[in-house]
Amino acid sequence: MSEPRTPVFAANWKMCHGPAETAAFLARFKQRHAPRDDATVVVFPPAISLPAFAAASAERPDIRFGVQDVHTDIEGAHTGAISAAMVPATGATWGLAGHSERRREFGDTDPMVAKKLQRLLDAGLRPVLCVGETLEEREAGRLSAVLETQVKACLEALDAEGRRRLVYAYEPVWAIGTGRTASPMDAAEAHALVREQLTGFEGCTPGRAVILYGGSVKPANIEQLLIAPGVDGVLVGGASLDPDSWAAICAAGA
Ligand code: 13P
């Protein structure tokens, strides 16, 4: 079982909100969301909007932000890519790796995801490992096997200190952007499976690991998801793009 802890509200903006929209979003969100010390709020804007995010949130250090993806290398001839080492100068303190859209559209494999987590850790960023099964895998009864492969590939590649800093996001691919949310019971079951994989790895404390749920989270279902056993927060796409909707989500569990 997991121990109770303060929730993490994470927003993944994907390829939405350039610098101007980022500034406008924050102008509104700051009015709608007062700092709360019983929750963590973190937004992952597109990399090009990180400086705008930093500028517009300067007086609100409670609104953390991070990078959606980094390259497996630190530097070199990789046109269009971003190095984890470049990220801290923007003020960002978190980073995602292994999102299903990266795996599907850009061919990110488990070994690449493990490498990206290491780069995020080396840069002093807090890494979030995203895992989750497709509908096909779920229907074939492979949920547990898929989560095991995705989680273990990364844990085996990291050292104890790296594992200690890792945050997890369970995002069933069939629930992302589809309006189809995992039931709180589905989420609880999958989170328990992720937690099980941590057993036996030095640096991992299964009961204390932070595991977020992602997939069609909205103001209307956040409260229910947040009380599901083992759900320590959420990673939200579509419903995080509107500042009022995101503020409503970040008010949950208060
Ligand atoms: P939606 O909330 O739009 O389903 O996206 C979830 C997600 O992929 C967050 O990383």
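The values are calculated or read from the model by the stated rules, or taken from the named source; none is laboratory data. Computed from a predicted structure; not experimentally measured. Glycine also receives a Cβ, built like all others from the backbone with ideal geometry; neighbour counts cover every protein chain displayed. For the accessible areas, the whole protein counts, side chains as well, though only heavy atoms, and no ligand, DNA or RNA atoms are used. Shrake-Rupley method; radii C 1.70, N 1.55, O 1.52, S 1.80 Å.
Can you pull a Stokes-Einstein diffusion coefficient for the chain at 25 °C (0.890 mPa s), Rh from Kirkwood over Cα pairs, as a whole number of µm²/s?
Here the translational diffusion coefficient equals 136 µm²/s.
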Of all trypsin sites (Lys or Arg not before Pro) in the range 140-235, the ones in DSSP coil with at most 13 other Cβ atoms within 10 Å are R180
When all Cα-Cα pair distances of the range 110-183 are considered, the percent exceeding 19 Å is 39
Around S245 (Cβ within 13 Å, Cβ-to-Cβ, excluding S245; K/R +1, D/E -1) the net charge comes to +1
A chain fully extended from A23 to R208 at 0.36 nm per residue, minus the present Cα-Cα distance, gains in nm 63.1 nm
On the formula 1/(1 + (r/R0)^6), with r taken between the Cβ atoms of A89 and E136 and R0 of 41 Å, the FRET efficiency rounded to 0.05 is 0.50
With all protein chains present and a 1.4 Å probe, the order of I211, I74, I227, I82 from largest accessible area down is I227, I74, I82, I211
Length gained if D242 through E75 is fully extended, taking 0.36 nm per residue and subtracting the Cα-Cα distance, is 56.6 nm
Between I227 and T178, the two model label points (7 Å from Cα along the beta-carbon direction) sit apart by a distance in nm of 2.7
Calc'd 3J(HN,Hα), the range 82-92, phi into Karplus 6.51 cos²θ - 1.76 cosθ + 1.60 (θ = phi - 60°), Hz, glycine/Pro = x, comes to 10, 8, 4, 5, 7, 6, x, 4, 7, x, 5
Heavy-atom accessible area with a 1.4 angstrom probe orders M15, M185, M86, most exposed first, as M15, M185, M86
Scoring the chain by relative contact order with C-alpha pairs under 8 Å, at least six apart, yields a percentage of 21
Residues whose modelled amide H sits under 5 Å from the amide H of G214, counting only those 5 or more places away in sequence or on another chain, are Y170, E171, L235
From highest to lowest solvent-accessible area (probe 1.4 Å; ligands, DNA and RNA excluded), E137, E21 read E21, E137
Sorted by chain and then number, the residues having a modelled amide H within less than 5 Å of the amide H of R126, at least 5 places away or on another chain, are W94, G95
Here D for the range 179-254, in µm²/s, from Stokes-Einstein with a Kirkwood Rh over Cα pairs at 10 °C and 1.306 mPa s, works out to 122
Karplus ³J(HN,Hα) for the range 113-122 (6.51 cos²θ - 1.76 cosθ + 1.60, θ = phi - 60°; Hz, whole; x = Gly/Pro) runs 4, 4, 5, 5, 4, 5, 5, 4, 4, 4
Sequence order, the range 205-215: Karplus ³J(HN,Hα) from phi using 6.51 cos²θ - 1.76 cosθ + 1.60, θ = phi - 60°, Hz rounded, Gly and Pro as x, gives 10, x, x, 10, 5, 8, 10, 9, 9, x, x
With +1 at each Lys and Arg Cβ and -1 at each Asp and Glu Cβ, the charge dipole magnitude of the chain around its Cα centre, to the nearest 20 debye, comes out at 440
Subtracting the Cα-Cα distance of R5 and D37 from 0.36 nm times their residue separation yields 10.3 nm
One finds the C-alpha centres of the range 175-230 and the range 94-143 to be spaced, in Å, by 15
A 1.4 Å probe over the protein heavy atoms gives the range 1-122 a carbon and sulfur accessible-area percentage of 58
Interchain or sequence-distant (5+) residues whose placed amide H lies within less than 5 Å of the amide H of V41 are F9, R64
Of all trypsin sites (Lys or Arg not before Pro) in the range 16-47, the ones in DSSP coil with at most 12 other Cβ atoms within 10 Å are none
For the range 24-168, the dipole about the Cα centre with charges only on Cβ (Lys and Arg +1, Asp and Glu -1), to the nearest 20 debye, works out at 480
Expected max-MSF residue from I222, I176, I48 in the GNM of the chain (alpha carbon, under 10 Å) is I48
